[in-house]
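The numbers here are math on the coordinates, done by the rules we state, and not lab data. Please read all numbers here as calculations on a predicted model, not as lab measurements. Every residue, glycine among them, receives a Cβ derived from its backbone with ideal geometry; neighbour counts consider all protein chains shown.
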Amino acid sequence: MRALLTPISPVTFRRVPTAFLIIYALLLALGLGLSTAYWAINGDPPFGSLRLGSWQAWPKLGSPEADPYMRAIIARRGDVPLATGEGLGFTARTDSEGRPLDSACTYSIGAVAPIARLWTLTLYDGDGRLPITELRRRTFTSAEVLRDSQDRFTITLSRTLQPGNWLQLPASGPFTVVLRLYDPPGAAGANLEEADFPVIQRLECGA
Amino acid sequence: MRGFGRFIIATLCGIVIAVGVHIVAILASPHLADRDAFNNVQSTLTAERAQLVSAPGGEDTWLPRPDPAVAVATCAFDLANGPMRIAARVGSLPLSFSFHKESGGVFFAVTDRAAVRGELEIVTMTARQLDEARAAEDENDPSRDVRIVAPDRQGFVIVRVVAPSPSLRPQAEEAAKAVTCTAEQDT
C-alpha cells in the first residue's frame, strides 16, 4: 500500500492545490482589503479624534495634515469640513452617561460653551439630515440663546413643547447634535477642556 | 496535515496582501470618488462671483450636515489660465475663506480678522506663477497682494458667512454671493 501511495500523493497534493491556494489567497486579499476599506470610509476617521465628554471632533480633518483615512472619508461624504482656523465642529451621539441619543427622550443641554466668536448647536436625524419638525427650528446660535443672570443657558430637546430654549426632536429614531465653534481662539482644539463644554443630560424617556 | 499547513500559509499570505489592497484602496479613493465636493462645484469654474452652495436654513444643498446659520458659497479655480484673486468686503458678520484641493483636503484658511481696511483679498497661484510674479515685480513698489501657493492646479474656495440670528440670514446670503473670484490674465 505504501509503495503505491507515495508516488501519487506529491502529484495530487501539489499541482491542483497550489493553483487553487494562490487564487484563494488573492480572492481573500481582494475581498478582505476592499471590504475593510469600504467599511472604513463609511465610518468615522479611525485616528486623531478629540473626545471631550459626549463631544467628539477631528481637529485635523480641516488641515493639510489630514491622514489618508480622513481624506478618503471627506471624498466619500462629499463634505467640506471646517478648516483649521475657521472653526471646529463637535458631534455628540450619546448623552453624558454614554447612552445613545433617542428622540423618545427629553434632554437638557447646558450650561456653558467654549469661548468662540460664535457657536451654533444643530440637530440632525439618524441619516445626518436636518430633521423636519413642526417647530421648524433646528439650531441655536450663541447670539440668540436665552441666558440666565449668570450667563448660563439651557437648551431643552424634546418632542413636546418646553419653556425657554426648545428644540423639537424628530418623531422617532436616533439623532445627533453638532456644536460648531466658529473662529475659536488658539489653534483648533488646542486649549479646550471638557469642563467648558455643555453637558447633555437625559431627563426622562416617554413612550 | 501538510495540506492544512499550506492552507494556513495561503490564508496568511492573503491577509498580508489584503493589508496592501486596503492601503491602496484608501489612498486611491479620493481620486476615484465621483460624488466629492469638487465634482459638485465644477460648474462654477467660469463664474466671476461665488456661487451659493447652501443658503442659510440648510435646505436644498448637496452639502452633508449643513449648518442652518451659515451661508456657504464657492468658487472653483483652475490656475492654468493664471492666478485667481478672491476678494470680499467684510461686514459685521463672521466671514471666512477656506482653500481646498481638487481631491479634497484644505490647504489654507483665513477669516475676516485678517482683513485690511475692510477688504479680505487673497491671490492663489501655482509655485511657478509665484516665481514669475516675483520676477516681474518692481522693487520700489512691491505688491501688497497676499499670495497663497496652491499645491494643485485645480481646486475650490469655500466662503462661509455666519448669521448669528435668523433675521441676518438674508444679509449673510448676500455677503456670500458678493464675493468675487476673478482669474488674472498673466500678472
(message) Quick query: amide H of B:VAL179 versus all other amide H atoms, modeled in the peptide plane; which residues come in under 5 Å with a sequence gap of 5 or more or a different chain?
(response) B:ALA50
(message) Lone cysteines in the protein assembly as shown, defined as no other cysteine's Cβ under 4.7 Å from theirs: which are they?
(response) B:CYS13
(request) Calculate, for B:ALA47 and A:GLU65, the FRET efficiency according to 1/(1 + (r/R0)^6) with r their C-beta to C-beta distance and R0 22 Å; round to the nearest 0.05. (result) 0.10
(message) Loop only by DSSP, 12 or fewer other Cβ within 10 Å of the Cβ. Give me the trypsin sites (Lys or Arg not before Pro) in segment B:1-44 that pass, ordered by residue number.
(response) B:ARG35
(message) I'd like the GluC sites (Glu not before Pro) in segment A:59-100 restricted to DSSP loop residues with at most 13 other Cβ atoms within 10 Å, sorted by number.
(response) A:GLU65, A:GLU97
(message) If I model a spin label at B:HIS31 and B:GLN154 as a point 7 Å from the Cα along the Cα→Cβ vector, what separation in nanometres do I get?
(response) 1.3 nm
(request) Please find the FRET efficiency linking B:ARG128 to B:ALA183, where r is the Cβ-Cβ separation and R0 is fixed at 25 Å, and quote it to the nearest 0.05. (result) 0.95
(request) Work out the charge dipole of segment A:68-158 with +1 on the Cβ of Lys and Arg and -1 on the Cβ of Asp and Glu about the Cα centre, then indicate which of A:GLY126, A:GLY78, A:SER96 is farthest towards its positive end. (result) A:GLY78
(request) Evaluate peptide B:27-40: per residue, the Cβ atoms of other protein chains within 10 Å of its Cβ; return the mean as an integer. (result) 5
(request) In a Gaussian network model over chain A where Cα atoms closer than 10 Å are linked, find which of A:VAL112, A:VAL178, A:VAL80 has the largest mean-square fluctuation. (result) A:VAL80
(message) Could you give the length gained by full extension between A:THR18 and A:ASP148, i.e. 0.36 nm per residue of separation minus their alpha carbon distance, to one decimal place?
(response) 39.3 nm
(request) Determine the dipole magnitude for chain A: charges of +1 sit on the beta-carbon of Lys and Arg, -1 on that of Asp and Glu, nothing else is charged, the reference point is the Cα centre, and the result goes in debye to the nearest 20. (result) 1020 debye
(request) Give me the distance in nm between label points sitting 7 Å out from Cα along the Cα-to-Cβ direction at B:ASP60 and B:GLU137, one decimal. (result) 4.5 nm
(message) Can you find, among A:PRO163, A:VAL177, B:ALA133, the residue sitting farthest towards the positive end of the charge dipole of the protein assembly as shown, where Lys and Arg contribute +1 and Asp and Glu -1 at Cβ?
(response) A:VAL177
(request) Under a 10 Å cutoff between Cα atoms, tell me which one of A:LEU82, A:LEU26, A:LEU101 has the largest fluctuation in the Gaussian network model of chain A. (result) A:LEU26
(request) Report the charge-dipole magnitude of the protein assembly as shown in Debye, nearest 20, computed about the Cα centre from +1 at each Lys and Arg Cβ and -1 at each Asp and Glu Cβ. (result) 1840 debye
(request) For chain A, with a Gaussian network of springs between Cα atoms less than 10 Å apart, report the residue from A:ARG93, A:ARG76, A:ARG180 with the top mean-square fluctuation. (result) A:ARG76
(request) Give the longest segment of chain B that steers clear of GluC sites (Glu not before Pro) in DSSP loops with at most 14 neighbouring Cβ atoms within 10 Å, not counting the sites themselves. (result) B:60-136
(request) Please tell me the relative contact order of chain A in percent, rounded to the nearest whole number, where contacts are Cα pairs under 8 Å and at least six residues apart. (result) 26 percent
(message) Quick one: 3J(HN,Hα) in Hz for segment A:45-56, Karplus 6.51/-1.76/1.60 with θ = phi - 60°, rounded, Gly and Pro as x.
(response) x, x, 10, x, 8, 10, 10, 10, x, 7, 8, 10
(request) Work out the charge dipole of segment B:1-138 with +1 on the Cβ of Lys and Arg and -1 on the Cβ of Asp and Glu about the Cα centre, then indicate which of B:GLY118, B:GLN42, B:ILE17 is farthest towards its positive end. (result) B:ILE17
(request) Could you check the simple spin-label distance between A:ALA195 and A:ARG136, using points 7 Å along Cα→Cβ, in nm with one decimal? (result) 4.3 nm
(request) Using a 10 Å cut-off on Cβ to Cβ distances, tally the other chain neighbours for every residue of B:11-24 and report the average as a whole number. (result) 6
(message) Given an 8 Å cut-off on Cα distances and at least 6 residues of separation, report the relative contact order of segment B:37-183 as a percent.
(response) 36 percent
(message) What does the extension gain come out to for B:ARG113 and B:GLU174, with contour length at 0.36 nm per residue minus their alpha carbon separation?
(response) 20.0 nm
(request) Determine the shielding of peptide A:18-27 by partner chains: average, over its residues, the number of Cβ atoms on other chains within 10 angstrom of each Cβ. (result) 4
(message) Students often check this: by mean Cβ neighbours within 10 Å, which of A:102-108, A:39-45 ranks highest, and how do the rest follow?
(response) A:102-108, A:39-45
(message) Can you classify chain B as rounded, prolate or oblate using the Cα gyration tensor, where a ≥ b ≥ c are the square roots of its eigenvalues, rounded means a/c under 1.5, and otherwise it's prolate if a/b beats b/c and oblate if not?
(response) oblate
